[in-house]
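Presented below is the structure to which this report refers.
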Amino acid sequence: MRSPMVSIIILNWNGVRDTIHCLNSLKRTRYSNYEVIVVDNGSLRDEAKILKDRFRNYASIFRLERNLGFAGGNNWAFKKARGEYIVLLNNDTVVDKNWLGSVVKTFESDESIAIIQPKIRLYSKKDYFDYAGAAGGFIDRFGYPFTRGRIFNTLEKDLGQYDFKCPIFWASGAAICIRRSIIHITRYLFDENFFNYMEEIDFCWRVQNLGFKIIFIPDSVVYHKVAASAKKNLLKKRYYEHRNNLILLLKNLPYKLLVKSLTARFFLELITYFYYLLTGKFTFVLALFYAHVDFLRLLPFYMGKKNLRSSVSFENYVYPKSIVLSYFLFRKRYFWQLKFDSVGERTDPNVVWMMPTFFQHQKVYEFCKRLAKGKTVLELGCGSGLGAFEISEVAKEVLAVDIHGQSIAKAKEIYQRNNLKFECFDVTKFKTSKKFDLVVSFQVIEHLEKPEDFLLNVKRLMKKRGFFLLSTPNRLTQSFNENPYHIREYSKKELEEILSRFFSKVFFYGLHGSPRAKKYENDRKKKVLEVLRLDFLEIRNILPRRIKIFFFEFFVRLVRLGIYSASPRKVLEICKEDFFIKKLNVDESLDLIAICRY
């Protein structure tokens, strides 16, 4: 079977020496079915002639008489490309010999993957991430971009901390790999008004809005010499960065968020003026002023256009604070310190005072295994992977998905079977061409702002005769927890009402506890209510959700550890057999379990 063709596009602008180095490294690429297109993008001298003399038989080389920028140059080159997959590669990069094969393999494994970014390391310090793309890009709520592995001037050493495939918000133009068909769906590649900088973020945002995946893969490695072209005109770089960042928001944010973001940006831009003045960067002040003037000039043009407004969940993909303040004021210099890719609680079986909850979950996994025997299973919201691992013992194959990258990395490291695969992605938007006999979701629906979108996606992923099994806390017995991670909890009646909109048949079971398990639950309830009574003014109800989450995590430890400290033997005596599942008295259960037919 013939491997799909890849078109590698390289723009050259007064950088022939770097381009030669890049092309020589490409020659060592082990994947064989690719073409190379080099465009001399208006260099001062005809550098295409130099390149043709050396690479005539290896690459197709073209000359443009004027510089069309990164956006225009790549748009022009794309028309010459024949490949099923397109790679835009900076001329100041050097590639690993195995870089391309893993990209193609990942594209071929999942049709919903539209864009891939390889790991991008610094050429001068090969064990450090680079400035441009590192391990994948994100933005904050005010539109400022940053990457995993590099925030502002802090570069992380690559210690394998991001060595797992995961969704990202944007892929760097230094090495961005694109499924050709997605460009036709989005109608165009880059917006040429951007000229240079952030056009790839705009493109990725449009792709995100259509529900396709943008992912980072660690086993494709590219080394970057860091903005060799940009150093030639730093003032223009600063001008384009500021102007294009504002255009990015104008094009893609929903109108309600746009007003809020631009209002906040007004003050942040004022601070930037003062910063440049105080540090003596007077030419940067001028660059910033021209950026704002040009933005205002383009404002009517973009406001009048019909753009794809963001349907992306900002909770999941956009840092909900200011990356500028987090970095400079709160000194959060590393991606892991931001803690914004973490969602919900993770039950750790190694924490003794969490064991009763762990055994509850195990009982549900056992129940699920009866349905999963010999079937293809998809788990949405797999956490650290224990449930998926247990199910894979009897299932034909299991694909487990979770949005939390660190949990997926842990799952891949600990739980390994030939029929078990983990993938990092938002469970409400996860797409694959495969259909499953059984879709399972344990303790997820209560975390979702739009459960209808999730359930509709579940139905798309099921076979016609398939099943969907979910578990969730019973609101009638568990609401005393006041868990801020939970957007909404359900009673049996409420859950049945929403599930019946999507599924033809819904059957309910309840997870119950033995007398000693019930006593543990009652002790926990008493302690929780004792602590809540201290807040007699109910100040907790007006606190921002993230502050409530911070206190909740401390509060959970305090309560459970308090019960364990008072009588550790009684807590340790509780085991898996203290929990059982039955159809009767579902309203009195700890957890609700629903089995749905297509």
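The values are calculated or read from the model by the stated rules, or taken from the named source; none is laboratory data. Just so you know, these numbers come straight off a predicted model, no measurement behind them. Please note: Cβ atoms are built from the backbone with ideal geometry, for glycine as well, and neighbour counts cover all protein chains shown.
Before moving on, here are some points about what is shown:
- Failed item, numbered, when Ala71 is tested on (1) assigned to a loop (DSSP other than H, G, I, E, B); (2) at pLDDT 95 or above: (1)
- Selected residue (criterion: farthest from Val87 (Cα to Cα)) from residues of the range 33-52 that are exposed (fewer than 14 other Cβ atoms within 10 Å of the Cβ) and at pLDDT 95 or above: Lys49
- Total residues in the range 33-64, condition aromatic (Phe, Trp, Tyr) and in contact with a Gly (Cβ under 9 Å, 6 or more places away or on another chain): 1
- The helices (runs of 4 or more DSSP H) found entirely in the range 181-282 that carry 1 or more residues being closer than 26 Å to Asp130 by Cα and not assigned by TED's automatic domain parsing to the domain that holds Gly137 are 234-252, 255-278.
- Being of a type in the set (S, T, N, Q), part of a loop (DSSP other than H, G, I, E, B), modelled with pLDDT under 85 and over 27 Å from Gly136 (Cα atoms) is a description that applies to Thr347.
- The residues in the range 95-114 that are among the β-branched types (Val, Ile, Thr) and assigned to a loop (DSSP other than H, G, I, E, B) can be counted, and the count is 0.
- For the range 231-279, filtered to residues that are touching a helix residue (DSSP H, G or I) at 6+ places or on another chain (Cβ under 7 Å) and among the aromatic types (Phe, Trp, Tyr), the residue that is surrounded by the fewest Cβ atoms within 10 Å (Cβ to Cβ) is Tyr273.
- Qualifying residue in the range 354-364 (condition: within 29 Å of Gly513 (Cβ to Cβ), part of a loop (DSSP other than H, G, I, E, B) and touching a strand residue (DSSP E or B) at 6+ places or on another chain (Cβ under 8 Å)): no
- Test for Arg524: is it at negative phi, in a strand (DSSP E or B), at pLDDT below 95 and not aliphatic (A, V, I, L, M): no
- Consider the range 56-79 and keep the residues that are under 32 Å from the mean Cα position of the chain (by Cα) and of a type in the set (Gly, Ala, Ser). The one that is nearest to Arg28 (Cα to Cα) is Ala77.
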